[in-house]
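My structure is below; once you've seen it, I'll send some questions.
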Amino acid sequence: MCGRHKVTDEAAIADPGERVLTEVKGVEIAVFNVDGDYHALANFCPHQSGPLCEGPTQGRVTVDDDLEWAYDDEERNVVCPWHGWIFDVTTGTNIDAEQYTVPTYDIEVEDGEVFIVI
Amino acid sequence: MAQSQRSSDSIRSLADMTIVDTDSHVTETLEDLIPYVERQNPGVVRFLKNAADARRDVYSATRATAAFSQTPGPLDGQESGSDDLVHSQVREPSVKIELMEQFDIDYSILSPGLNLNLATVNHDSTAVAIAQAYNSWLTDTFLDAHDGFRATAIVAHQKPAKAAEEIDRMASEDDIVGVQLPGSGLVPPAGHTWYDPIYEAAEDHGLPIVMHSGNNGASAVFPIQRQWAETFLEDHAFTFPVESMWHLISLVCQGVPERFPDLEFVLQECGIEWLPWLMWRLDDHYLQNSQDVPMLRRMPSEYIKEQFYITSQPLGHTERNDHLASIVEMAGGAETLLFAMDHPHPDFDTPEELYNPLCAGLDGDSIGGIMGETALELFDI
(Lines give C-alpha, C1' and ligand atoms only; values in the text may rest on other atoms or scores of the structure.)
Protein backbone atom coordinates (compact mmCIF):
# COMPACT_ATOMS: atom_id res chain seq x y z
CA MET A 1 0.00 0.00 0.00
CA CYS A 2 3.04 2.27 -0.20
CA GLY A 3 2.64 5.28 -2.37
CA ARG A 4 0.67 8.42 -2.82
CA HIS A 5 -3.08 8.45 -2.42
CA LYS A 6 -5.39 11.29 -3.30
CA VAL A 7 -7.53 12.42 -0.41
CA THR A 8 -9.47 15.35 -1.76
CA ASP A 9 -9.36 18.47 -3.81
CA GLU A 10 -7.69 21.25 -1.86
CA ALA A 11 -10.78 23.41 -2.23
CA ALA A 12 -12.68 21.03 0.07
CA ILE A 13 -10.42 21.85 3.05
CA ALA A 14 -9.23 25.28 2.09
CA ASP A 15 -10.41 26.96 5.27
CA PRO A 16 -8.73 26.49 8.67
CA GLY A 17 -10.72 24.13 10.86
CA GLU A 18 -11.97 22.00 8.00
CA ARG A 19 -11.19 18.34 7.70
CA VAL A 20 -11.71 15.42 5.36
CA LEU A 21 -12.06 11.85 6.48
CA THR A 22 -11.06 9.17 4.02
CA GLU A 23 -9.96 5.57 3.83
CA VAL A 24 -6.74 4.39 2.27
CA LYS A 25 -6.33 0.66 1.83
CA GLY A 26 -8.57 -0.04 4.81
CA VAL A 27 -7.04 2.58 7.08
CA GLU A 28 -9.26 5.50 8.07
CA ILE A 29 -7.29 8.74 7.89
CA ALA A 30 -8.32 12.35 8.40
CA VAL A 31 -6.69 15.40 6.94
CA PHE A 32 -7.09 18.56 9.00
CA ASN A 33 -6.49 22.15 8.01
CA VAL A 34 -4.82 23.75 11.03
CA ASP A 35 -4.17 27.42 10.46
CA GLY A 36 -3.60 26.85 6.75
CA ASP A 37 -1.38 23.79 7.06
CA TYR A 38 -2.52 20.25 6.36
CA HIS A 39 -1.99 17.38 8.81
CA ALA A 40 -3.02 13.74 8.38
CA LEU A 41 -3.87 11.53 11.33
CA ALA A 42 -5.19 7.99 11.70
CA ASN A 43 -8.81 7.92 12.80
CA PHE A 44 -7.99 5.74 15.76
CA CYS A 45 -7.72 6.50 19.46
CA PRO A 46 -5.16 4.31 21.27
CA HIS A 47 -7.32 4.42 24.39
CA GLN A 48 -10.21 2.20 23.36
CA SER A 49 -10.06 2.30 19.54
CA GLY A 50 -12.58 5.11 19.22
CA PRO A 51 -13.02 7.22 16.05
CA LEU A 52 -10.67 9.96 17.23
CA CYS A 53 -10.82 12.16 14.16
CA GLU A 54 -14.59 12.44 14.25
CA GLY A 55 -14.38 14.48 17.43
CA PRO A 56 -14.29 18.25 17.75
CA THR A 57 -11.14 20.29 17.39
CA GLN A 58 -10.30 22.86 19.99
CA GLY A 59 -7.61 24.93 21.64
CA ARG A 60 -6.60 24.06 25.17
CA VAL A 61 -6.99 25.43 28.66
CA THR A 62 -3.67 26.55 30.06
CA VAL A 63 -2.31 28.63 32.92
CA ASP A 64 -0.23 31.78 32.96
CA ASP A 65 2.83 32.41 35.10
CA ASP A 66 0.59 33.14 38.10
CA LEU A 67 -1.29 29.89 37.49
CA GLU A 68 -4.41 31.81 36.52
CA TRP A 69 -6.44 30.02 33.90
CA ALA A 70 -6.05 31.05 30.28
CA TYR A 71 -6.94 29.63 26.88
CA ASP A 72 -4.73 28.90 23.89
CA ASP A 73 -7.21 29.25 21.05
CA GLU A 74 -5.16 27.62 18.32
CA GLU A 75 -7.51 24.81 17.36
CA ARG A 76 -4.84 22.18 16.76
CA ASN A 77 -6.23 19.54 19.13
CA VAL A 78 -8.78 16.85 18.34
CA VAL A 79 -10.89 15.37 21.12
CA CYS A 80 -11.90 11.74 20.88
CA PRO A 81 -15.70 11.63 20.87
CA TRP A 82 -15.75 8.47 22.97
CA HIS A 83 -13.82 9.41 26.14
CA GLY A 84 -12.32 12.84 25.61
CA TRP A 85 -8.65 11.94 25.13
CA ILE A 86 -7.01 14.87 23.35
CA PHE A 87 -4.33 14.68 20.65
CA ASP A 88 -2.33 17.37 18.93
CA VAL A 89 -3.28 17.03 15.28
CA THR A 90 0.07 18.41 14.14
CA THR A 91 2.13 15.78 15.97
CA GLY A 92 -0.24 12.91 16.71
CA THR A 93 0.75 13.07 20.37
CA ASN A 94 -1.64 13.04 23.32
CA ILE A 95 -1.40 16.50 24.86
CA ASP A 96 -1.41 15.04 28.40
CA ALA A 97 0.73 11.92 28.04
CA GLU A 98 3.30 11.81 25.28
CA GLN A 99 3.58 8.03 25.43
CA TYR A 100 0.25 7.86 23.62
CA THR A 101 0.51 8.71 19.95
CA VAL A 102 -1.54 8.30 16.81
CA PRO A 103 0.03 7.59 13.41
CA THR A 104 0.57 10.65 11.27
CA TYR A 105 1.14 10.77 7.54
CA ASP A 106 2.98 13.04 5.14
CA ILE A 107 0.89 15.28 2.91
CA GLU A 108 1.65 16.46 -0.57
CA VAL A 109 -0.32 19.06 -2.50
CA GLU A 110 -0.09 19.21 -6.23
CA ASP A 111 -2.20 21.05 -8.76
CA GLY A 112 -4.96 21.66 -6.22
CA GLU A 113 -5.12 18.06 -5.10
CA VAL A 114 -4.19 16.76 -1.64
CA PHE A 115 -2.36 13.44 -1.31
CA ILE A 116 -1.38 11.26 1.64
CA VAL A 117 1.98 9.52 1.38
CA ILE A 118 2.08 6.13 3.01
CA MET B 1 26.03 -9.42 38.64
CA ALA B 2 27.21 -11.84 41.30
CA GLN B 3 28.57 -9.00 43.37
CA SER B 4 25.30 -7.10 43.06
CA GLN B 5 23.38 -10.16 44.14
CA ARG B 6 25.59 -10.56 47.20
CA SER B 7 25.16 -6.90 48.03
CA SER B 8 21.41 -7.25 47.81
CA ASP B 9 21.39 -10.40 49.90
CA SER B 10 23.64 -8.88 52.53
CA ILE B 11 20.90 -6.61 53.82
CA ARG B 12 18.04 -9.06 53.73
CA SER B 13 18.33 -9.52 57.46
CA LEU B 14 16.26 -7.06 59.43
CA ALA B 15 19.05 -6.84 61.97
CA ASP B 16 21.34 -5.34 59.32
CA MET B 17 18.90 -2.62 58.35
CA THR B 18 18.51 0.90 59.67
CA ILE B 19 14.98 1.09 61.00
CA VAL B 20 13.17 4.42 61.06
CA ASP B 21 9.74 4.54 62.63
CA THR B 22 8.06 7.35 60.72
CA ASP B 23 4.99 7.62 62.92
CA SER B 24 5.80 7.34 66.62
CA HIS B 25 3.37 9.10 68.89
CA VAL B 26 3.72 11.00 72.07
CA THR B 27 0.58 11.36 74.20
CA GLU B 28 0.56 14.99 75.23
CA THR B 29 -2.27 16.33 77.38
CA LEU B 30 -3.57 19.84 77.86
CA GLU B 31 -2.02 19.68 81.32
CA ASP B 32 1.39 19.36 79.66
CA LEU B 33 0.76 22.30 77.36
CA ILE B 34 -0.99 24.79 79.64
CA PRO B 35 2.25 26.11 81.22
CA TYR B 36 3.58 26.90 77.76
CA VAL B 37 0.35 28.58 76.67
CA GLU B 38 0.42 30.59 79.89
CA ARG B 39 3.86 31.94 78.98
CA GLN B 40 3.50 32.27 75.23
CA ASN B 41 -0.19 33.10 74.70
CA PRO B 42 -1.73 34.05 78.05
CA GLY B 43 -4.76 35.61 76.39
CA VAL B 44 -6.30 32.26 75.60
CA VAL B 45 -5.09 30.07 78.45
CA ARG B 46 -8.45 30.33 80.24
CA PHE B 47 -10.06 28.41 77.41
CA LEU B 48 -7.79 25.50 78.20
CA LYS B 49 -7.93 25.79 81.97
CA ASN B 50 -11.71 25.95 82.01
CA ALA B 51 -12.29 23.13 79.58
CA ALA B 52 -14.34 20.46 81.28
CA ASP B 53 -13.73 18.11 78.38
CA ALA B 54 -10.91 18.99 76.02
CA ARG B 55 -12.39 17.06 73.13
CA ARG B 56 -15.62 19.05 73.40
CA ASP B 57 -14.56 22.44 74.76
CA VAL B 58 -11.30 22.96 72.90
CA TYR B 59 -11.41 20.50 70.01
CA SER B 60 -14.42 19.14 68.15
CA ALA B 61 -13.31 15.54 68.22
CA THR B 62 -15.61 12.59 68.47
CA ARG B 63 -15.64 8.88 67.85
CA ALA B 64 -18.53 6.59 67.08
CA THR B 65 -17.72 4.41 70.09
CA ALA B 66 -14.73 3.90 72.35
CA ALA B 67 -11.55 3.23 70.42
CA PHE B 68 -9.97 -0.21 70.45
CA SER B 69 -12.06 -1.25 73.40
CA GLN B 70 -10.61 -4.77 73.26
CA THR B 71 -7.13 -3.42 73.93
CA PRO B 72 -5.81 -1.49 76.95
CA GLY B 73 -3.85 1.08 74.98
CA PRO B 74 -3.88 4.84 75.55
CA LEU B 75 -5.36 7.14 73.01
CA ASP B 76 -4.80 10.77 72.43
CA GLY B 77 -5.29 12.80 75.55
CA GLN B 78 -6.56 9.98 77.73
CA GLU B 79 -5.08 9.98 81.18
CA SER B 80 -5.30 6.28 81.66
CA GLY B 81 -2.89 3.90 80.11
CA SER B 82 -1.24 0.62 80.69
CA ASP B 83 2.00 -0.41 82.26
CA ASP B 84 2.59 -2.58 79.22
CA LEU B 85 5.41 -0.95 77.24
CA VAL B 86 3.64 -1.09 73.91
CA HIS B 87 0.54 0.54 75.34
CA SER B 88 2.03 3.08 77.72
CA GLN B 89 1.46 6.79 77.82
CA VAL B 90 4.35 8.70 76.26
CA ARG B 91 4.62 11.99 78.11
CA GLU B 92 8.32 11.64 78.86
CA PRO B 93 11.18 9.98 76.96
CA SER B 94 11.95 6.82 78.91
CA VAL B 95 9.02 4.79 77.59
CA LYS B 96 9.83 5.61 73.99
CA ILE B 97 13.54 4.92 74.47
CA GLU B 98 12.79 1.54 76.05
CA LEU B 99 10.48 0.67 73.17
CA MET B 100 13.07 1.65 70.57
CA GLU B 101 15.62 -0.57 72.27
CA GLN B 102 13.23 -3.50 72.46
CA PHE B 103 12.37 -3.34 68.75
CA ASP B 104 15.76 -2.14 67.46
CA ILE B 105 14.37 1.12 66.16
CA ASP B 106 17.22 3.44 65.19
CA TYR B 107 15.19 6.61 64.71
CA SER B 108 11.68 7.59 65.71
CA ILE B 109 9.87 10.46 64.05
CA LEU B 110 7.71 11.73 66.90
CA SER B 111 4.12 12.61 66.07
CA PRO B 112 1.50 14.31 68.24
CA GLY B 113 -1.36 12.50 69.92
CA LEU B 114 -4.21 14.71 71.13
CA ASN B 115 -3.17 17.36 68.64
CA LEU B 116 -3.87 15.19 65.68
CA ASN B 117 -7.18 16.95 66.24
CA LEU B 118 -5.70 20.44 66.01
CA ALA B 119 -7.62 21.23 62.83
CA THR B 120 -10.88 20.87 64.76
CA VAL B 121 -10.11 23.68 67.23
CA ASN B 122 -12.76 26.31 66.63
CA HIS B 123 -10.98 29.29 68.17
CA ASP B 124 -8.20 30.18 65.78
CA SER B 125 -5.88 31.90 68.25
CA THR B 126 -6.22 28.98 70.63
CA ALA B 127 -5.19 26.63 67.85
CA VAL B 128 -2.11 28.74 67.20
CA ALA B 129 -1.30 28.80 70.92
CA ILE B 130 -1.64 25.03 71.23
CA ALA B 131 0.64 24.46 68.26
CA GLN B 132 3.32 26.70 69.70
CA ALA B 133 2.96 25.11 73.13
CA TYR B 134 3.14 21.58 71.77
CA ASN B 135 6.27 22.32 69.76
CA SER B 136 7.99 23.92 72.74
CA TRP B 137 6.94 21.11 75.09
CA LEU B 138 8.09 18.49 72.63
CA THR B 139 11.44 20.18 72.18
CA ASP B 140 12.02 20.60 75.91
CA THR B 141 10.79 17.15 76.89
CA PHE B 142 12.02 14.83 74.17
CA LEU B 143 14.39 16.06 71.54
CA ASP B 144 17.61 16.10 73.52
CA ALA B 145 16.82 12.90 75.39
CA HIS B 146 17.90 10.41 72.72
CA ASP B 147 20.07 10.58 69.60
CA GLY B 148 17.38 8.74 67.66
CA PHE B 149 14.58 11.20 68.32
CA ARG B 150 13.39 13.36 65.46
CA ALA B 151 10.01 15.05 65.23
CA THR B 152 7.54 16.98 63.20
CA ALA B 153 6.54 20.46 64.36
CA ILE B 154 2.81 20.94 64.27
CA VAL B 155 1.08 23.96 62.73
CA ALA B 156 -2.42 25.35 63.08
CA HIS B 157 -3.93 25.72 59.64
CA GLN B 158 -6.48 28.16 61.02
CA LYS B 159 -3.98 30.99 60.66
CA PRO B 160 -1.63 30.19 57.78
CA ALA B 161 0.61 33.22 58.28
CA LYS B 162 1.10 32.30 61.94
CA ALA B 163 1.77 28.73 60.89
CA ALA B 164 4.50 29.95 58.56
CA GLU B 165 6.04 31.93 61.43
CA GLU B 166 5.98 28.80 63.57
CA ILE B 167 7.75 26.85 60.83
CA ASP B 168 10.41 29.56 60.74
CA ARG B 169 10.79 29.28 64.52
CA MET B 170 10.98 25.51 64.69
CA ALA B 171 13.13 24.97 61.59
CA SER B 172 16.17 26.07 63.55
CA GLU B 173 15.84 22.96 65.71
CA ASP B 174 18.03 20.31 64.11
CA ASP B 175 15.79 17.48 65.25
CA ILE B 176 12.67 18.94 63.64
CA VAL B 177 12.48 17.15 60.30
CA GLY B 178 8.98 17.91 59.06
CA VAL B 179 5.86 20.03 59.41
CA GLN B 180 2.84 18.25 60.80
CA LEU B 181 -0.40 19.42 59.20
CA PRO B 182 -2.96 17.00 60.64
CA GLY B 183 -5.43 15.90 58.01
CA SER B 184 -8.31 15.00 60.29
CA GLY B 185 -10.99 17.65 60.14
CA LEU B 186 -8.88 19.78 57.82
CA VAL B 187 -11.10 22.03 55.71
CA PRO B 188 -10.74 23.12 52.98
CA PRO B 189 -8.85 20.17 51.51
CA ALA B 190 -5.11 20.42 51.41
CA GLY B 191 -4.78 21.53 47.79
CA HIS B 192 -6.48 24.88 48.44
CA THR B 193 -4.40 28.03 48.17
CA TRP B 194 -5.31 28.74 51.81
CA TYR B 195 -2.30 26.61 52.74
CA ASP B 196 0.20 28.28 50.41
CA PRO B 197 1.99 30.22 53.20
CA ILE B 198 2.51 26.94 55.05
CA TYR B 199 3.80 25.15 51.98
CA GLU B 200 6.03 28.05 51.04
CA ALA B 201 7.64 28.12 54.48
CA ALA B 202 8.12 24.36 54.57
CA GLU B 203 9.65 24.34 51.11
CA ASP B 204 11.97 27.21 52.02
CA HIS B 205 13.28 25.23 54.98
CA GLY B 206 13.47 21.93 53.10
CA LEU B 207 10.93 20.30 55.41
CA PRO B 208 8.30 17.85 54.14
CA ILE B 209 4.64 18.37 54.99
CA VAL B 210 3.48 15.41 57.08
CA MET B 211 -0.26 14.80 57.22
CA HIS B 212 -1.54 12.32 59.77
CA SER B 213 -5.00 11.01 59.13
CA GLY B 214 -7.54 10.39 61.86
CA ASN B 215 -11.14 9.70 62.61
CA ASN B 216 -11.78 12.14 65.45
CA GLY B 217 -12.18 15.19 63.27
CA ALA B 218 -14.00 13.37 60.54
CA SER B 219 -17.47 14.16 61.82
CA ALA B 220 -16.93 17.71 60.61
CA VAL B 221 -15.48 16.76 57.26
CA PHE B 222 -17.53 13.72 56.34
CA PRO B 223 -20.63 14.46 58.41
CA ILE B 224 -23.02 12.05 56.79
CA GLN B 225 -20.75 9.11 56.19
CA ARG B 226 -18.98 9.40 59.52
CA GLN B 227 -22.03 9.94 61.70
CA TRP B 228 -23.77 6.88 60.36
CA ALA B 229 -20.88 4.73 61.48
CA GLU B 230 -22.35 3.09 64.56
CA THR B 231 -19.14 1.61 65.89
CA PHE B 232 -15.50 2.54 66.20
CA LEU B 233 -14.60 -0.21 63.75
CA GLU B 234 -16.72 1.27 60.96
CA ASP B 235 -15.62 4.80 61.82
CA HIS B 236 -11.92 3.97 61.87
CA ALA B 237 -11.93 1.73 58.81
CA PHE B 238 -13.62 4.40 56.70
CA THR B 239 -12.20 7.71 57.77
CA PHE B 240 -8.43 7.24 57.79
CA PRO B 241 -7.93 6.23 54.17
CA VAL B 242 -10.76 8.34 52.74
CA GLU B 243 -9.48 11.46 54.44
CA SER B 244 -6.05 11.00 52.92
CA MET B 245 -7.51 10.22 49.51
CA TRP B 246 -9.46 13.49 49.73
CA HIS B 247 -6.36 15.52 50.55
CA LEU B 248 -4.15 13.70 48.04
CA ILE B 249 -6.59 14.22 45.18
CA SER B 250 -6.91 17.88 46.10
CA LEU B 251 -3.16 18.41 46.42
CA VAL B 252 -2.41 16.87 43.04
CA CYS B 253 -5.35 18.28 41.10
CA GLN B 254 -4.90 21.80 42.43
CA GLY B 255 -1.34 21.71 41.20
CA VAL B 256 0.48 21.94 44.54
CA PRO B 257 3.38 19.85 43.19
CA GLU B 258 3.71 22.34 40.33
CA ARG B 259 3.43 25.34 42.62
CA PHE B 260 5.90 23.87 45.12
CA PRO B 261 8.13 21.57 43.10
CA ASP B 262 10.64 21.05 45.91
CA LEU B 263 8.03 20.25 48.56
CA GLU B 264 7.40 16.66 49.58
CA PHE B 265 4.42 15.19 51.42
CA VAL B 266 4.08 12.28 53.81
CA LEU B 267 0.65 10.75 54.45
CA GLN B 268 0.53 8.93 57.79
CA GLU B 269 -1.60 6.03 58.97
CA CYS B 270 -4.01 5.87 56.08
CA GLY B 271 -3.03 2.49 54.65
CA ILE B 272 -1.11 2.01 51.42
CA GLU B 273 -3.14 -0.65 49.68
CA TRP B 274 -5.41 1.87 47.95
CA LEU B 275 -2.61 3.97 46.49
CA PRO B 276 -2.04 2.00 43.24
CA TRP B 277 -5.77 2.03 42.60
CA LEU B 278 -5.98 5.78 43.21
CA MET B 279 -3.05 6.48 40.90
CA TRP B 280 -4.70 4.44 38.16
CA ARG B 281 -8.01 6.17 38.77
CA LEU B 282 -6.50 9.66 38.76
CA ASP B 283 -4.53 8.98 35.59
CA ASP B 284 -7.66 7.70 33.87
CA HIS B 285 -9.63 10.74 34.99
CA TYR B 286 -6.82 13.04 33.96
CA LEU B 287 -6.68 11.74 30.41
CA GLN B 288 -10.42 12.25 30.05
CA ASN B 289 -10.64 15.56 31.94
CA SER B 290 -7.26 17.24 31.66
CA GLN B 291 -8.83 20.58 30.79
CA ASP B 292 -10.13 20.70 34.38
CA VAL B 293 -6.57 20.80 35.70
CA PRO B 294 -4.50 22.90 33.30
CA MET B 295 -1.78 23.46 35.89
CA LEU B 296 -0.72 19.83 35.62
CA ARG B 297 2.00 19.06 33.13
CA ARG B 298 2.29 15.36 33.86
CA MET B 299 0.14 12.41 34.82
CA PRO B 300 -1.10 12.56 38.45
CA SER B 301 0.72 9.33 39.28
CA GLU B 302 4.02 10.89 38.29
CA TYR B 303 3.60 13.66 40.85
CA ILE B 304 2.58 11.13 43.49
CA LYS B 305 5.59 8.93 42.85
CA GLU B 306 7.98 11.86 42.95
CA GLN B 307 6.67 14.06 45.75
CA PHE B 308 4.53 11.88 48.02
CA TYR B 309 5.30 9.22 50.61
CA ILE B 310 2.99 7.09 52.68
CA THR B 311 3.60 5.34 55.99
CA SER B 312 2.98 1.64 56.40
CA GLN B 313 0.98 1.16 59.57
CA PRO B 314 -1.68 -0.19 59.79
CA LEU B 315 -1.14 -2.93 57.25
CA GLY B 316 -4.15 -4.78 55.97
CA HIS B 317 -4.55 -8.41 56.88
CA THR B 318 -3.78 -10.43 53.75
CA GLU B 319 -4.18 -14.13 53.20
CA ARG B 320 -0.88 -14.32 51.33
CA ASN B 321 2.29 -12.35 51.99
CA ASP B 322 3.06 -11.95 48.29
CA HIS B 323 -0.17 -10.03 47.80
CA LEU B 324 1.01 -7.30 50.13
CA ALA B 325 4.46 -7.29 48.53
CA SER B 326 2.84 -6.85 45.10
CA ILE B 327 0.72 -3.94 46.27
CA VAL B 328 3.76 -2.26 47.81
CA GLU B 329 5.69 -2.69 44.57
CA MET B 330 2.77 -1.23 42.58
CA ALA B 331 2.57 1.71 44.97
CA GLY B 332 6.17 2.65 44.27
CA GLY B 333 8.09 0.42 46.68
CA ALA B 334 10.94 2.13 48.45
CA GLU B 335 10.26 5.32 46.52
CA THR B 336 6.96 5.71 48.33
CA LEU B 337 6.55 3.53 51.40
CA LEU B 338 8.00 4.32 54.82
CA PHE B 339 7.91 1.92 57.75
CA ALA B 340 5.85 3.15 60.68
CA MET B 341 5.07 1.53 63.99
CA ASP B 342 2.43 3.88 65.49
CA HIS B 343 3.44 3.18 69.06
CA PRO B 344 1.73 3.35 71.53
CA HIS B 345 -1.58 2.97 69.76
CA PRO B 346 -3.30 -0.38 70.03
CA ASP B 347 -3.04 -1.18 66.33
CA PHE B 348 0.75 -0.74 66.24
CA ASP B 349 2.91 -2.81 63.87
CA THR B 350 6.29 -4.25 64.77
CA PRO B 351 9.07 -4.04 62.15
CA GLU B 352 8.62 -7.75 61.42
CA GLU B 353 4.96 -7.19 60.57
CA LEU B 354 6.07 -5.28 57.48
CA TYR B 355 9.44 -6.91 56.85
CA ASN B 356 8.17 -10.49 56.64
CA PRO B 357 5.58 -10.03 53.87
CA LEU B 358 7.91 -7.76 51.91
CA CYS B 359 10.41 -10.63 51.76
CA ALA B 360 7.82 -12.54 49.73
CA GLY B 361 8.23 -10.22 46.77
CA LEU B 362 10.81 -7.44 47.10
CA ASP B 363 14.58 -7.50 46.95
CA GLY B 364 16.78 -6.60 49.87
CA ASP B 365 17.60 -3.12 48.66
CA SER B 366 13.93 -2.23 48.32
CA ILE B 367 13.13 -3.61 51.74
CA GLY B 368 16.04 -1.72 53.25
CA GLY B 369 14.71 1.47 51.71
CA ILE B 370 11.24 0.92 53.07
CA MET B 371 12.41 0.00 56.56
CA GLY B 372 14.53 3.11 56.92
CA GLU B 373 16.88 4.29 54.21
CA THR B 374 14.25 6.22 52.27
CA ALA B 375 13.25 7.99 55.48
CA LEU B 376 16.87 8.86 56.27
CA GLU B 377 17.07 10.66 52.95
CA LEU B 378 13.62 12.22 53.07
CA PHE B 379 14.05 13.59 56.58
CA ASP B 380 17.72 14.43 56.03
CA ILE B 381 18.83 12.34 58.98
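Considering only the stretch B:115-128, I want to know if a residue exists there that is part of a strand (DSSP E or B) and modelled with pLDDT of 95 or more.
Checking the stretch B:115-128: not a single residue is part of a strand (DSSP E or B) and modelled with pLDDT of 95 or more.
Right, another one. Among the residues of the stretch B:290-319, which ones are in a loop (DSSP other than H, G, I, E, B) and either more than 10 Å from chain A (Cβ to nearest Cβ) or charged (D, E, K, R) (or both)?
Matches in the stretch B:290-319: B:Arg297, B:Arg298, B:Ser312, B:Gln313, B:Pro314, B:Leu315, B:Gly316, B:His317, B:Thr318, B:Glu319.
Being free of Cβ contacts under 8 Å to residues at least 40 places away in the same chain, under 13 Å from B:Ser244 (Cα atoms) and not in a helix (DSSP H, G or I) is the filter here; which residues of the stretch B:198-227 pass it?
The one that is free of Cβ contacts under 8 Å to residues at least 40 places away in the same chain, under 13 Å from B:Ser244 (Cα atoms) and not in a helix (DSSP H, G or I): B:Phe222.
Cβ-Cβ below 6 Å, separation at least six or inter-chain, first residue in the stretch B:240-255 and within 14 Å of chain A (Cβ to nearest Cβ), second assigned to a helix (DSSP H, G or I): which pairs?
B:Val252/B:Pro300; B:Val252/B:Tyr303
Scan the stretch A:13-35 and give yes if some residue there is within 11 Å of chain B (Cβ to nearest Cβ) and closer than 17 Å to A:Thr101 by Cβ, otherwise no. Lay out the reasoning, then the answer.
The first filter runs over the stretch A:13-35 and keeps only residues within 11 Å of chain B (Cβ to nearest Cβ), leaving none.
No; the residues of the stretch A:13-35 include none that is within 11 Å of chain B (Cβ to nearest Cβ) and closer than 17 Å to A:Thr101 by Cβ.
Filter the stretch A:94-103 down to the residues that are surrounded by fewer than 20 Cβ atoms within 10 Å (Cβ to Cβ) and in contact with a Gly (Cβ under 9 Å, 6 or more places away or on another chain), then identify the one that is nearest to the other protein chains (Cβ to nearest Cβ).
A:Thr101
Restricting attention to the stretch A:64-93, which residues are part of a loop (DSSP other than H, G, I, E, B) and away from chain B (no Cβ under 13 Å)?
A:Val89, A:Thr90, A:Thr91, A:Gly92
Just to verify a result, which residue in the stretch B:271-281, among those that are free of Cβ contacts under 8 Å to residues at least 60 places away in the same chain and buried (at least 20 other Cβ atoms within 10 Å of the Cβ), is nearest to the other protein chains (Cβ to nearest Cβ)?
B:Met279
From the list A:Gly36, A:Gly17, A:Gly55, exactly one residue is within 21 Å of B:Asp284 (Cα to Cα) and of a type in the set (Gly, Ala, Ser). Which is it?
Testing whether each residue is within 21 Å of B:Asp284 (Cα to Cα) and of a type in the set (Gly, Ala, Ser) leaves just A:Gly55.
Only residues that are touching a strand residue (DSSP E or B) at 6+ places or on another chain (Cβ under 9 Å) and without any contact (Cβ under 8 Å) to a residue 60 or more places away in the chain: list them for the stretch B:90-140, please.
B:Pro93, B:Ile97, B:Ala131, B:Asn135, B:Thr139, listed by residue number.
Something else: Are any residues in the stretch B:227-266 farther than 24 Å from B:Phe339 by Cβ and in contact with a Gly (Cβ under 6 Å, 6 or more places away or on another chain), and if so, which ones?
The answer is B:Ser250, B:Gln254, B:Val256.
Still on this structure, please answer the following. What tally of residues in the stretch A:41-63 results from selecting those that are part of a strand (DSSP E or B) and more than 14 Å from every other protein chain (Cβ to nearest Cβ)?
2
State whether one or more residues within the stretch B:312-321 are more than 24 Å from B:Asp262 (Cα to Cα) and in contact with a His (Cβ under 6 Å, 6 or more places away or on another chain).
Looking for residues that are more than 24 Å from B:Asp262 (Cα to Cα) and in contact with a His (Cβ under 6 Å, 6 or more places away or on another chain), one finds none in the stretch B:312-321, hence no.
The values are calculated or read from the model by the stated rules, or taken from the named source; none is laboratory data. As the structure is a prediction and not an experimental result, all values here were calculated from the model. We place every Cβ from the backbone using ideal geometry, glycine too, and count neighbours over all the protein chains shown.
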